[in-house]
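What follows is a single structure, written as structure tokens, with notes after it.
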Amino acid sequence: MKIIFINLKVQIIIMEALTNIFSRRCVRAYEKRIVEFEKLTNILDAGRLAPSAGNVQDWKFIVVTDEEKLDQLNNAAIEQDWINSAPLAIIICSEPIKEERMYGVRGKDLYSVQNASCAAENMLLAAHAQGLGGCWIGAFDEITIRDLFKIPETVIPRTILTFGYPAEKIWDKPKFSLYDVTFFNVWNNKVKDNKEFYKLFKKVTDYWKEKVKKLREHLPGKNF
């Protein structure tokens, strides 16, 4: 019985994690509600715990809650006038010199960007898991952002994330299928057609369907 309970607990964690990933969407309209400090802390912690090349952790996070600063942030972004509707924004910055010390030019130009991207996605998922919406913003005037937030020359603002309680209906956007984006072993080596491709993954799909069915039987109150 104990083993069954542990297995169920693991399956619940897996299902909740996958559901969180699959259902996350960008949100560009927010309610006028303050994001609780505990939720903000969880978002920041998720970013802090992201992977980084060589575990260098070359990121810094600037939390923006001041209305005037949010207005300035809105003006510094390029044709994205909805930004100041968010009660909270986080600027993810990198110190690429730290990666350069370990990995040279590739560390500075690539790994540092990848690190910040990992932190950003972790934050967006943490927000979504707590009932918040978020959006990734890459279009902004870097010089203006640097001046507004007193960011040193050795530090690069990589992305801006907005967070808040969604004030809009979240629509699914079309995504390419797995068949369109997946190759096996070498570039452009696709299975012959969609039918064959999904046959390969049918065992995995059937496995998860059965797991969800069992979870519903054991935990009727859970919504999977």
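The values are calculated or read from the model by the stated rules, or taken from the named source; none is laboratory data. Model, not experiment: these values are computed from the prediction. Glycine also receives a Cβ, built like all others from the backbone with ideal geometry; neighbour counts cover every protein chain displayed.
Filtering the range 79-88 to residues that are outside any strand (DSSP E or B), surrounded by 15 or more Cβ atoms within 10 Å (Cβ to Cβ) and not β-branched (Val, Ile, Thr) leaves 80, 82, 84, 85, 86, 87.
A quick yes/no check of all residues on (1) buried (at least 17 other Cβ atoms within 10 Å of the Cβ); (2) in a loop (DSSP other than H, G, I, E, B); (3) hydroxyl-bearing (Ser, Thr, Tyr):
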{"site": "90", "(1), (2), (3)": "yes, no, no"}
{"site": "99", "(1), (2), (3)": "yes, no, no"}
{"site": "112", "(1), (2), (3)": "yes, no, yes"}
{"site": "119", "(1), (2), (3)": "yes, no, no"}
{"site": "136", "(1), (2), (3)": "no, no, no"}
{"site": "145", "(1), (2), (3)": "yes, no, no"}
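Taking first residues from the range 160-184 that are free of Cβ contacts under 8 Å to residues at least 12 places away in the same chain and over 18 Å from residue 23 (Cβ atoms) and partners that are among the polar types (S, T, N, Q) and exposed (fewer than 14 other Cβ atoms within 10 Å of the Cβ), the Cβ contacts under 6 Å between residues at least 6 apart in sequence or on separate chains come to 183/189.
Only one of these conditions is not met by residue 17: (1) among the small types (Gly, Ala, Ser); (2) over 25 Å from residue 145 (Cβ atoms); (3) assigned to a loop (DSSP other than H, G, I, E, B). Which number is it? Result: residue 17 fails condition (3) only.
Test residue 94 against the criterion of being more than 24 Å from residue 144 (Cβ to Cβ) and polar (S, T, N, Q), and give yes or no. Talk me through it step by step, then tell me what you get.
Numbers: more than 24 Å from residue 144 (Cβ to Cβ): no; polar (S, T, N, Q): yes.
No, not satisfied.
For the range 154-171, a residue qualifies if it is modelled with pLDDT of 95 or more, assigned to a loop (DSSP other than H, G, I, E, B) and more than 17 Å from the chain's Cα centre (by Cα), and the qualifying residues are 154, 155.
I'd like to check something: does the range 70-78 contain any residue that is outside any helix (DSSP H, G or I), assigned by TED's automatic domain parsing to the domain that holds residue 134 and under 23 Å from residue 159 (Cβ atoms)? The answer is yes; a qualifying residue exists.
Does residue 31 fit the bill of being in the same structural domain as residue 147 (by TED's automatic domain parsing), touching a residue at least 40 places away in the same chain (Cβ under 8 Å) and under 21 Å from residue 157 (Cα atoms)?
Values: in the same structural domain as residue 147 (by TED's automatic domain parsing): yes; touching a residue at least 40 places away in the same chain (Cβ under 8 Å): yes; under 21 Å from residue 157 (Cα atoms): no.
In short, no.
May I ask you to verify whether residue 106 is in contact with a helix residue (DSSP H, G or I) (Cβ under 9 Å, 6 or more places away or on another chain) and surrounded by fewer than 15 Cβ atoms within 10 Å (Cβ to Cβ)? Criteria met by residue 106.
Among all residues of the range 139-152, there is none that is at pLDDT 95 or above, under 16 Å from the mean Cα position of the chain (by Cα) and at negative phi. Only residues that are surrounded by fewer than 17 Cβ atoms within 10 Å (Cβ to Cβ) and part of a loop (DSSP other than H, G, I, E, B) were counted across the range 29-56, and they come to 8.
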